[in-house]
Amino acid sequence: MSAPARVLTVAGSDSGGGAGIQADLKTMLALGVHGMSVITAVTAQNSLGVQGAWELPVEAVRAQYRSVVDDIGVQAVKTGMLASAELVEAVAELIRGTDAPAVVDPVGVSKHGDPLLAASALDSVRTRLLPAATVATPNLDEVAQLTGVRVESEADLRRAAAAVLAYGPRWALIKGGHLPEGTGRVGGDQAVRVGGSQAVDLLTDGSEEYWLRAPRHDNRHTHGTGCTLASAIASQLAKGQSVPEAVAAAKEYVTGAIAAGFALGGGIGPVDHGWAFRPQGSEEAG
């Protein structure tokens, strides 16, 4: 029996199981690929926030990566929490030496606002990691952190994408899920008021442009959304889809996971990575 496509996540561990390595591997399983992991940091984390974080030595990260890639091989790589400039630079070097698409989620802060990337590492993300990316997937806070561009309406998404692309990734996916209500639609030649009822993302390589829209679900349990989306993109790329196809399929998957997100602990619960396997209608439970 042939093995499924193989995807490697390089990210931090979330002890609460909603984001990070745990979310990545759940997503990969749900999408039919074989997930493998390089752990860059360990966090003490739950639904209320991050109580502590400890990065692994560069040698440990490099050894994990080489162990997997040199023996098993990969069809795609996804990066998440990298914590320090030293880890960012080491992982960027490893990705450049791997013949596989790389999805870079430039994680800066957690869902609860806890810092997951040292301020001193931002320049390394800009100059070393983003140029190695096939697709970069920043949210609006990460766009502002990396480029200084503040997105307040859909009209700003193009400017944000251009600023990210200037650092060298082949594609930029600007995630507009945090846009305030009442922003305007600019996906075509006309501007239409959408009232914030849709979550809109912009995917572009600077010439082609794709506007991805999905219903905005009224569910506060969205922990792990960014990790899940990036891992879903990497999974679809590993299966041979083009970047626009992979992003569209990943957007559909994560929209279902958000709709089915469930309460866990006393704070923000996770998205449901296994929503597609539940009996029909179970997503309403979130």
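Screening Ala250 with (1) closer than 14 Å to Lys26 by Cα; (2) in contact with a Lys or Arg (Cβ under 8 Å, 6 or more places away or on another chain) gives one miss only, at (2).
Among the residues of the range 202-240, those identified as part of a loop (DSSP other than H, G, I, E, B), surrounded by fewer than 16 Cβ atoms within 10 Å (Cβ to Cβ) and modelled with pLDDT of 95 or more are Gly206, Ser207, Glu208, Gly240.
Filter the range 10-36 down to the residues that are touching a residue at least 60 places away in the same chain (Cβ under 8 Å) and in a loop (DSSP other than H, G, I, E, B), then identify the one that is nearest to Thr228 (Cα to Cα). So, considering only residues that are touching a residue at least 60 places away in the same chain (Cβ under 8 Å) and in a loop (DSSP other than H, G, I, E, B), the one nearest to Thr228 (Cα to Cα) is Ala19. Exactly one residue out of Val38, Val74 is hydrophobic (A, V, I, L, M, F, W, C), on the phi < 0 side of the Ramachandran plot and in contact with a Lys or Arg (Cβ under 8 Å, 6 or more places away or on another chain): that is Val74.
State yes or no: is Gly265 of a type outside the set (A, V, I, L, M), modelled with pLDDT under 95 and in a loop (DSSP other than H, G, I, E, B)? So Gly265 does not fit the description; no.
Under the condition of being under 14 Å from Glu55 (Cα atoms) and of a type in the set (D, E, K, R), the residues counted in the range 1-42 number 1. Number of residues in the range 122-138 that are surrounded by fewer than 22 Cβ atoms within 10 Å (Cβ to Cβ), part of a helix (DSSP H, G or I) and hydroxyl-bearing (Ser, Thr, Tyr): the value is 1.
Take Asp99 and decide whether it is acidic (Asp, Glu) and in a helix (DSSP H, G or I). No, not satisfied. Annotation note: of Leu48, Leu56, the sole residue that is surrounded by fewer than 14 Cβ atoms within 10 Å (Cβ to Cβ) and over 19 Å from the mean Cα position of the chain (by Cα) is Leu48. Among the residues of the range 102-112, write down those that are in contact with a helix residue (DSSP H, G or I) (Cβ under 9 Å, 6 or more places away or on another chain) and either part of a loop (DSSP other than H, G, I, E, B) or at positive phi (or both). Within the range 102-112, Asp105, Pro106, Val107, Gly108, Lys111 qualify.
The values are calculated or read from the model by the stated rules, or taken from the named source; none is laboratory data. This is a predicted model, so every value here is computed, not measured. Note: ideal-geometry Cβ built from the backbone for every residue, glycine included; neighbour counts use all protein chains shown.
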